[in-house]
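Read-outs throughout are calculated quantities, based only on the coordinates presented, and are distinct from any laboratory measurement. All values reported here derive from a predicted model rather than from experimental measurement. We place every Cβ from the backbone using ideal geometry, glycine too, and count neighbours over all the protein chains shown.
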Amino acid sequence: MNIHEYQAKDIFRRYGIPVPPGDVATTPDEAERIARAYGTGVVVKAQVYAGGRGKAGGVKLARTPADARAAALQIIGMQIKGLTVPKVLVTPAADIASEAYAGIIVDRGSKRAVFMVSPAGGIDIEEVAATMPEKIMRLPVDPRYGLLPFEATRLGFFLYKNPKLARDAAKIMRQMWQAFVGSGGSLAEINPLAVTTGGDLLALDAKMVIDDNELDRRPDIAALRDETAENPSELAARRANLTFIKLDGNVGCVVNGAGLAMATMDLVKYYGGEPANFLDIGGSSNPEKVVNALKIITRDPNVKAILFNIFGGITRTDDVANGIVAATRDAPLDVPMVIRLTGTNEEIAVQILQQHGFSAMTDMDDAVQKAVRLATGGKAA
């Protein structure tokens, strides 16, 4: 689950990380009022679940309250990576002497959370990794002990030669670790971690992603979810208990099981196509899931062909077939559909589909190739 910058900063403050004050505005008038209350220059920052806000024009320096109003007028309602900005964070501007990066991410390779720090802050960490890898320090954290004091000190001295700044940074690293674990995070970032001209360390930006599996036992964190800022298709999928991630291709995929879904997308690319989504209906035999899956996929104008790839173990293929029939009866498809069904109740599923004018394949490679041809304007063959 993504949360907004101002929410991540609230969490950081709770754990003692030095974060500048800030208030959220949903109108230009509110932004002007907040800036006037601070009585100093402010930064007006788009609050939206997307990276690259600064490059997109979603972060602006405002030296006067009138400037803050003008900046909010430009930012509120703008589109950043397809998402509309509904509100802005207004926070006092800081005089920055230097910028560093600090982040924690779960690393599947080491099966641990890994700290990454770099004295080259203020830019994308991916860019630093590509152009200046020697300026990144990675430190896997043993989950049994957490971030130990000597490890935090190593991170601090990698960032700063000044002993005071290094100690202050080490303290922030330990607080950041506590915030990460205490909130059920899968990612936490401060970029930039800034040294002000007065010699203080400040977390001028904050980003957190929460592991969805943590939400049931953290209702206070779950309450931070902003559904208005989410992709509508992904929101509909979550409400329908489907696992869905929108991609940029044109082959809509409906699959049961995450492993098979990944293999299907790989095969689509292998045969020259591009998957439009990851969609896993899971092991349930509920036809309603199939109906909801088709509704979600057909909302995407980029989808030129739909591929069902169902391997029936726990999932009954006849229930999937009934879901296909029900969905297409209520809303006939405007794009071709390829169906591959094999496994539990396969014979019954094929009969159901044939009775309603559909055909089913059993070979996965053949089905994927057919879907790719159809999506790229070729014939079914």
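Would you calculate, for the chain, the mean residue ellipticity at 222 nm contributed by helices, counting each DSSP H stretch of 4 or more residues as -39,500 (n - 2.57) and dividing by all residues, to the nearest 500? All intermediate terms of the calculation are to be shown ahead of the outcome.
Values: 13 runs with 143 residues, N = 381.
So the calculated ellipticity at 222 nm is -11500 deg cm²/dmol.
Taking Cα atoms, how many degrees apart are the long axis of helix 287-298 and the longest axis of the chain, rounded to 10 and kept between 0 and 90?
Its long axis makes an angle of about 70 degrees.
Could you list the residues of the stretch 333-355 with an amide nitrogen less than 18 Å from a label point located 7 Å from the Cα of Asp363 in the Cα-to-C-beta direction?
338-343
How about the stretch 78-181: which chymotrypsin sites (Phe, Trp or Tyr not before Pro) there are in a DSSP loop, with at most 16 other Cβ atoms within 10 Å of their Cβ?
Passing sites in the stretch 78-181 are Tyr145.
Check the stretch 197-336 and count each lysine pair with an alpha-carbon distance under 24 angstrom, considering only pairs eight or more places apart or from different chains.
Step by step, the pairs that qualify in the stretch 197-336 add up to 9.
If one takes the longest principal axis of the Cα atoms in the chain, at what angle in degrees, from 0 to 90 and to the nearest 10, does the Cα axis of helix 28-38 lie?
30 degrees
Over what distance in Å are the Cα centres of the stretch 220-285 and the stretch 296-316 separated?
So the separation of the two Cα centres works out to 10 Å.
Quick one, which of (1) 1.01; (2) 1.18; (3) 1.33 is the actual Cα Rg over 2.2 N^0.38 Å calculated for this model?
(2)
With +1 on each Lys and Arg Cβ and -1 on each Asp and Glu Cβ, and nothing else charged, work out how big the dipole of the chain is about its Cα centre, in Debye to the nearest 20.
Values: 43 positive and 44 negative charges, 171 e Å.
I would put it at about 820 debye.
Put +1 on the Cβ of each Lys and Arg and -1 on the Cβ of each Asp and Glu in the stretch 145-247; which of Val195, Ser183, Ala237 then has its Cα farthest toward the positive end of the dipole?
Selected residue: Val195.
About the Cα centre, and with charges only on the beta carbon of Lys, Arg (+1) and Asp, Glu (-1), how big is the dipole of the stretch 317-381? Nearest 20 debye, please. Write out the running numbers ahead of the final one.
Values: 5 positive and 9 negative charges, 67 e Å.
With only Lys, Arg, Asp and Glu charged at Cβ, the dipole is about 320 debye.
If r is the Cβ-Cβ distance from Ala326 to Ala130 and R0 is 45 Å, what FRET efficiency results, to the nearest 0.05? Walk me through the numbers before you get to the answer.
On the way: r = 49 Å, r/R0 = 1.08.
The formula returns an efficiency of 0.40 here.
What percent do you get for the relative contact order of the stretch 231-375 when only Cα pairs under 8 Å and 6+ apart count? Show your work: numbers first, answer last.
On the way: 308 pairs, mean separation 36.1, N = 145.
Here the relative contact order equals 25 percent.
Within 14 Å, Cβ to Cβ, of Lys60, how many net charges do the neighbouring residues add up to if Lys/Arg are +1 and Asp/Glu are -1?
Details: positive: Lys45, Arg53, Lys55, Arg63, Arg69; negative: Glu32, Asp67.
Here the charged neighbours net out to +3.
Can you give the charge dipole size of the stretch 231-375 about its Cα centre, rounded to the nearest 20 debye, using +1 on the beta carbon of Lys and Arg and -1 on the beta carbon of Asp and Glu?
Values: 13 positive and 16 negative charges, 71 e Å.
Result for the stretch 231-375 is approximately 340 debye, rounded to the nearest 20.
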